[in-house]
């Protein structure tokens with residue numbers, strides 16, 4: 001096998017391993033809530049380790065790898081070495097951030113006379129790997145006509161860059177004396193919003209566009225949906241902040257931006273549902289549910305995500321587990337040989353079960369039917385992706401197909 005193929009295959013296996021460990025960490029968190037078992041860990045740190053491993057070692061390296069392979073298919077030339085090794089570096093540093101987040105969260109640690117936050121340092125190094133990948137992407141695509149796939153990838157990497165500025169801003173608030181709760185919250189949610197709703201959303205939509213059959217979108221409709229999403233993403237990160245911190249006039253702006261997001265997502269979901277393969281149609285269903293979340297913010301006066309913890313958790317799993325993770329695996333079905341399609345079918349069922357297990361904790365579930373059983377059911381359901389993930393890691397030896 002060509003060395004590039006070996007590297008890409010190892011990146012895929014390692015990324016799936018990261019997904020599996022992150023899923024196991026999420027299951028540990030749920031068992032802790034259900035049965036009171038903590039294992040001596042701070043469960044806020046467990047939650048941070050779960051989410052950051054998903055972001056940094058599962059989603060980002062896998063998306064980088066598939067972007068590079070799709071661009072290679074468009075340009076018929078090899079990806080620049082800088083971009084290739086940036087993907088590997090992002091994966092390694094994503095794993096390296098796991099233990100510091102698990103043990104310390106964002107807290108600083110004393111190293112002799114020096115007090116440093118190890119998890120924040122590793123996360124900063126991870127962003128340098130992002131910049132290296134962006135540099136390779138710009139070099140590879142600078143002379144290519146910007147078709148639909150590249151437009152979505154361009155938008156994804158633009159928001160990844162903007163998200164990194166929010167992260168750097170957080171690290172500078174204390175030294176500059178601007179560490180007010182409002183500024184810290186705004187920068188934190190700018191990073192999270194631009195990363196998850198900007199980079200991740202547009203990147204997976206780009207993968208979907210490259211693997212689904214054309215025919216629903218005209219160019220004008222496609223461009224309209226993209227601009228609606230860009231406008232919406234630029235504002236809706238405020239939904240993660242406590243509503244009391246957001247000015248009433250800004251809350252109205254967020255509701256309008258939520259309408260932009262809802263309409264844009266609806267357009268892309270129609271494309272997936274009508275023109276995608278079976279795996280992409282399932283991803284399209286989760287995209288419809290994401291759109292419903294934004295329609296709810298637009299049309300319901302009292303709806304503000306950060307004020308509804310259980311509903312927000314459900315939305316995050318619809319987006320990050322259902323749409324994002326299954327979207328990446330749908331791309332893998334097109335490019336990974338061997339047993340991967342069978343494994344991904346089982347993973348789809350496991351993911352759907354996890355999402356359904358969160359429903360009883362929300363306002364949508366009848367009150368008389370709620371009880372302590374909900375936390376236990378959610379904990380046991382969380383083991384499904386862990387088991388399928390280990391199956392994918394241990395019993396998958398084929399190479400990636402040609403793009």
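The values are calculated or read from the model by the stated rules, or taken from the named source; none is laboratory data. Remember, predicted model here, so these are calculated numbers, not experimental data. Using ideal geometry, Cβ is built from the backbone for each residue, glycine included, and neighbour counts are taken over all protein chains shown.
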For residue 199, state whether it is under 21 Å from residue 291 (Cα atoms) and either loosely packed, with under 14 Cβ neighbours inside 10 Å or modelled with pLDDT under 95 (or both). no
Does residue 210 satisfy the criteria of being under 18 Å from residue 300 (Cα atoms), at pLDDT below 90 and part of a helix (DSSP H, G or I)? no
Residues that are within 27 Å of residue 225 (Cα to Cα), touching a helix residue (DSSP H, G or I) at 6+ places or on another chain (Cβ under 8 Å), modelled with pLDDT under 85 and in a helix (DSSP H, G or I): does the range 159-166 have at least one? yes
If I go through the range 132-146 residue by residue, how many of them are free of Cβ contacts under 8 Å to residues at least 60 places away in the same chain and farther than 13 Å from residue 84 by Cβ? 6
Has the range 111-133 got any residue that is in contact with a strand residue (DSSP E or B) (Cβ under 9 Å, 6 or more places away or on another chain), surrounded by fewer than 15 Cβ atoms within 10 Å (Cβ to Cβ) and outside any helix (DSSP H, G or I)? yes
Among residues belonging to the range 237-260 that are touching a residue at least 60 places away in the same chain (Cβ under 8 Å) and in a helix (DSSP H, G or I), point out the one that is surrounded by the fewest Cβ atoms within 10 Å (Cβ to Cβ). 245
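Quick one: would you say residue 37 is modelled with pLDDT under 90 and out of contact with any strand residue (DSSP E or B) (no Cβ under 9 Å at 6 or more places or on another chain)?
Numbers: modelled with pLDDT under 90: yes; out of contact with any strand residue (DSSP E or B) (no Cβ under 9 Å at 6 or more places or on another chain): yes.
Considered against the rule, which asks whether it is modelled with pLDDT under 90 and out of contact with any strand residue (DSSP E or B) (no Cβ under 9 Å at 6 or more places or on another chain), residue 37 comes out as yes.
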From the option list 14, 49, 18, single residue qualifying as surrounded by 22 or more Cβ atoms within 10 Å (Cβ to Cβ), within 16 Å of residue 91 (Cα to Cα) and at pLDDT below 95 is 49
